[in-house]
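Here's the structure we're looking at; comments come further down.
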Amino acid sequence: MSSPASRFKVPNTLIILLFIALFVALLVPWVPAGYFEKGVAISLDSYRVAEHNIHIAWFASGKEVGLFNAPFEGMTSGSRTGSAIGVIAFILLVGGAFGVINASGAVDRGLLRLIAITGDHPRLLLGSLFAAFAAGGAVFGMGEETIAFLALLLPLIRRMGYPPEVGVMMTYVASQIGFGTSWMNPFGVALAQGIANVPLLSGAPLRIVMFLIFVSTGITFTLWYAERHRKQQPLPDDADANAGQPAATASASMTMADRLILAGIVATIIWIVWGVVAAGYFIPEIATQFVTLCCYTALIAIVAKRLTADGAAEAFINGAQQLMPAVLVISMAKGIEYLLGGSNPHAPSVLNTFLHSMGTMLETWPPILAAQGMLAVQTAFTFVIHSGSAQAAINMPLMAGLSDLVGVSRQTAVLAYQLGNAMANMSVPTGAILMATLGVAGVPWTRWFGIIWRFQLLILLMSMGMVAFAVLYGYN
């Protein structure tokens, strides 16, 4: 007979988020809502308590707040350029596009060929990709874009015998490490420095060293995990190499259709990188780029008689359907933010109250502890404010003024913001981009947390060490 412990099953991520939402709904009415006055700098002095607390009903209409309204409000929140609605549209379109690409068979043939070429050097490939995505996070704030790149790389990860979470590590986790240790990201460190009245892109030498240390740690962990969980795959020339493969991909030989489709994928990647860096492309444009790639791939596959027009449409629908669990998780995560009153600093919310309370507490601490407190505040707020630019806009005005009061340099306050936001984003279950990435990989959050929590703890300890060093060093 199995023991009760062995029969225990970790609940679905949606169930966990539902209980979090219920807890928030019971807590919020008892916490005074607050806001920061418009027209003046956000500071402890500009905080005001709202006349009324936020009332949460079971079901609400109009502008009222309701627990059962949270999934819909979460799904329709934000804008076309951000979560939730923008990210949801993005992952559905990208999922559909990759449904067509995978159905063409070109990726499978290309990956079989790549595996034959890389041979005994998969670790070099993984490490190089991790460093590349970390650089993307550091240079131009790569975040949402990793969803699409992960979809591109997952077939390669699986073909090499690695579990899908390795793909999450070398794309999304790498980008967050790059974001948190960046010396030039315009959406993170540059924005925060501008708000804090710190010279733009100043303090780069320490951040570059920090980038190298953190990225090396991330690569080491990823390679260690990947090798421990690798399943040896039969090579393409093995007798059973093609067992279970579709007829269209039974052979590893490349045809002209394969080359054209793969060339289109490479061209799209180059187009995306150019668009993000040079033209300011974001979610709407990147989604459209993948729709363009989808149509191009479908046309080649139809001409080559790999797919019919109806088959291409069905592949698109199936690809989008596979990401519906991620859509629902994103909706619930954003619904929790809705129950807290939203993230607008000038509208009554419990989030504003928490921010003011933490700032008041840190005001009395010695510098080195206050700096750690700033890191803790930024980390805590990542549970509800995931965007680096949004957190900079909301928190940095208060943290910059607070740093002056407690004897911590504003440069150190910016560093605490960077590390707290990016590093926590690797595991928080309310993060729309993380949940979308896990949805693409098919990895439940509960399993992901069980994998990443040790590395997350190590990174947080390293972050604390960097912030302490910045205080002792007089980082300015």
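Structure notes:
- Burial ranking of peptide ranges 99-110, 203-214 (average Cβ count within 10 Å, highest at the top): 99-110, 203-214
- Ranked by the mean number of other Cβ atoms within 10 Å of their residues, highest first, the peptides 134-146, 455-467, 154-166 come out as 134-146, 154-166, 455-467.
- Gain on full stretching of the segment that runs from R158 to M324 - 0.36 nm per residue minus C-alpha separation: 57.6 nm
- When region 335-377 is reduced to its Cα atoms, the Kirkwood hydrodynamic radius in Å: 11.4 Å
- Karplus (6.51, -1.76, 1.60) ³J(HN,Hα), θ = phi - 60°, over region 14-27, in Hz, Gly and Pro reported as x: 4, 5, 4, 5, 5, 5, 4, 4, 5, 4, 4, 5, 6, 7
- Over the chain, accessible surface divided per residue gives 44 Å², non-protein components excluded, 1.4 Å probe.
- Dividing the helix sum by the residues of the chain, where each DSSP H run of 4 or more adds -39500 (n - 2.57), gives a mean residue ellipticity at 222 nm of -21000 deg cm²/dmol.
- For region 139-239, the Kirkwood radius over C-alpha pairs fed into Stokes-Einstein at 25 °C and 0.890 mPa s yields D = 160 µm² per second.
- Accessible surface ranking for W445, W224, W183, 1.4 angstrom probe, highest first: W224, W183, W445.
- Its alpha carbons considered, region 62-152 gives a radius of gyration followed by a Dmax of 18.7, 61 Å.
- Between the alpha-carbon centres of region 457-476 and region 128-153 there is a gap of 25 Å.
- Convex hull projection area averaged over all views, the chain, Cα basis, nm²: 25.6 nm²
- Of the residues F149, S175, G161, the one whose Cα sits farthest towards the positive end of the charge dipole of region 85-181 is G161 (charges of +1 on Lys and Arg Cβ, -1 on Asp and Glu Cβ, taken about the Cα centre).
- Amide hydrogen neighbours beyond the local backbone of V65, cut-off 5 Å, H modeled: A57
- Split the accessible area of the chain by element, probe 1.4 Å, and carbon with sulfur accounts for 67%.
- Point-to-point label distance, A390-L27, nm (Cα→Cβ direction, 7 Å offset): 1.8 nm
- Over region 137-197, volume per residue of the alpha carbon convex hull, in Å³: 67 Å³
- Computed over Cα pairs, the Kirkwood radius of region 371-412 leads via Stokes-Einstein (0.692 mPa s, 37 °C) to a diffusion coefficient of 312 µm² per second.
- For region 8-59, the direction-averaged projected area of the alpha-carbon convex hull comes to 6.2 nm².
- If you plug the beta carbon distance of K63 and H346 into 1/(1 + (r/R0)^6) with R0 = 22 Å, you get a FRET efficiency near 0.85.
The values are calculated or read from the model by the stated rules, or taken from the named source; none is laboratory data. Keep in mind the model is a prediction, meaning the values are calculated, not measured. Note that we place each Cβ from the backbone using ideal geometry, even for glycine, and neighbour counts take in every protein chain shown. The accessibility values were calculated without ligands, DNA or RNA, using every heavy atom of the protein model including side chains. Shrake-Rupley method; radii C 1.70, N 1.55, O 1.52, S 1.80 Å.
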